[in-house]
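Presented below is the structure to which this report refers.
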Amino acid sequence: MNEDLMQKIMGEVMKKMADAPEVQKQEVQEEKCESKEEAKAPCTANFTGCGLTEFVGTAIGSTIGLVIANLDAGIHEALKIDPKYRSIGIIGDRTGAGPQIFAADEAVKATNSEIVLIELPRDTEGGAGHGSLIIFGAEDVSDARRAVEVTLKELDRTFGDVYGTSAGHLEFQYTARASYALNKAFGAPIGKSFGITVGAPAAIGVLLADTAVKAANVDVVGVSTPGNGGTSFSNEVILTFSGDSGAVRQAIIAAREVGLKVLKTLDGTEPTSTTVPYI
């Protein structure tokens, strides 16, 4: 009788040991997908890849996230990064800039990292707009990696108000509290509500900008045109503005309504959200 009982106990122990690796793997994945502000949100970023320690993951927009634990001194100096940040996190993509920058802004809020570089290369995989290059600086590599993870995870949300057809695209972004990424990229007032409208071809972007500022009492931060303001000569116009939270949202919604109607006239295609609208 005692021998039978012992065999049953050993069988249960062996079964639990066999199941443990899969459980641990699932727990690690869930931990990677949690941010401080959206711990219960589903993880849409891909955190599996080539097996290199520098690789973090990929996400929508042909976006890749990488980390360098100890950046080479020569590269560090050439990029003009503060010496205290020996580790960097890197976000690069081929489609989008606003979604990545707004996502990076959330990452800065959630981690001990700082934005040290934001640039907008001409790209969109042949479309009218551009991609982006974002570099986080951190004193500890775990903070750099975490910043990249949060950014990748946020992209499913920030692509929600990006609309495209074969003829062009529209983009609208909003945050109730701008932080250092948006300040670095667009000069957004830190701590204030901030929004952007983007229209491509550029003619549509001019209409969106005018519609937005007429619709609500907002403060214009800047207007970027193909030859002025950091759009990398891309065929689009970007309006950036701040103000009261309700006013910023109202301005975006008014511009979005007009933009969707106008973009459709170019090829007859109904512009649709890349993921799920959030504004």
Of those in the range 185-204 that are part of a strand (DSSP E or B) and among the hydrophobic types (A, V, I, L, M, F, W, C), the residue surrounded by the fewest Cβ atoms within 10 Å (Cβ to Cβ) is Ala200
Criterion: touching a Leu at 6+ places or on another chain (Cβ under 6 Å) and at pLDDT 95 or above - qualifying residue of Ala247, Ala255, Ala178: Ala255
Pick out the one residue from Leu182, Leu207 that is surrounded by fewer than 18 Cβ atoms within 10 Å (Cβ to Cβ) and not in a strand (DSSP E or B). Leu207
Tally time: how many residues in the range 67-91 are surrounded by 18 or more Cβ atoms within 10 Å (Cβ to Cβ), in contact with a Leu (Cβ under 9 Å, 6 or more places away or on another chain) and in contact (Cβ under 8 Å) with a residue 24 or more places away in the chain? 8
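Residues checked against (1) closer than 19 Å to Leu182 by Cα; (2) assigned to a strand (DSSP E or B); (3) of a type in the set (Lys, Arg); (4) out of contact with any Ser or Thr (no Cβ under 9 Å at 6 or more places or on another chain):
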{"site": "Leu52", "(1), (2), (3), (4)": "no, no, no, yes"}
{"site": "Gly74", "(1), (2), (3), (4)": "no, no, no, yes"}
{"site": "Pro83", "(1), (2), (3), (4)": "no, no, no, yes"}
{"site": "Gly92", "(1), (2), (3), (4)": "yes, yes, no, no"}
{"site": "Ala107", "(1), (2), (3), (4)": "yes, no, no, no"}
{"site": "Ala144", "(1), (2), (3), (4)": "yes, no, no, no"}
I'm checking my understanding of the structure. Among residues of the range 47-62 that are out of contact with any helix residue (DSSP H, G or I) (no Cβ under 6 Å at 6 or more places or on another chain) and β-branched (Val, Ile, Thr), which one is farthest from Thr275 (Cα to Cα)? Thr53
Pairs, first under 18 Å from Gly129 (Cα atoms) and free of Cβ contacts under 8 Å to residues at least 24 places away in the same chain in the range 213-228, second hydroxyl-bearing (Ser, Thr, Tyr) and assigned to a loop (DSSP other than H, G, I, E, B), C-beta under 9 Å, six or more apart: Ser224/Thr231; Thr225/Thr231
Report whether or not Phe172 is farther than 21 Å from Gly65 by Cβ and free of Cβ contacts under 8 Å to residues at least 60 places away in the same chain. no
Matching residues in the range 244-263 - criterion: being in contact with a strand residue (DSSP E or B) (Cβ under 9 Å, 6 or more places away or on another chain) and more than 14 Å from Ala200 (Cβ to Cβ): Asp244, Ser245, Gly246, Ala247, Val248, Arg249, Ala251, Ile252, Ile253, Arg256
Qualifying residues in the range 161-175 (those that are modelled with pLDDT of 95 or more and more than 14 Å from the chain's Cα centre (by Cα)) - the one farthest from Thr269 (Cα to Cα): Leu170
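The values are calculated or read from the model by the stated rules, or taken from the named source; none is laboratory data. Not measured: the values here are computed from a predicted model. Every residue, glycine as well, gets a Cβ built from its backbone with ideal geometry; the counts of neighbours run over all protein chains shown.
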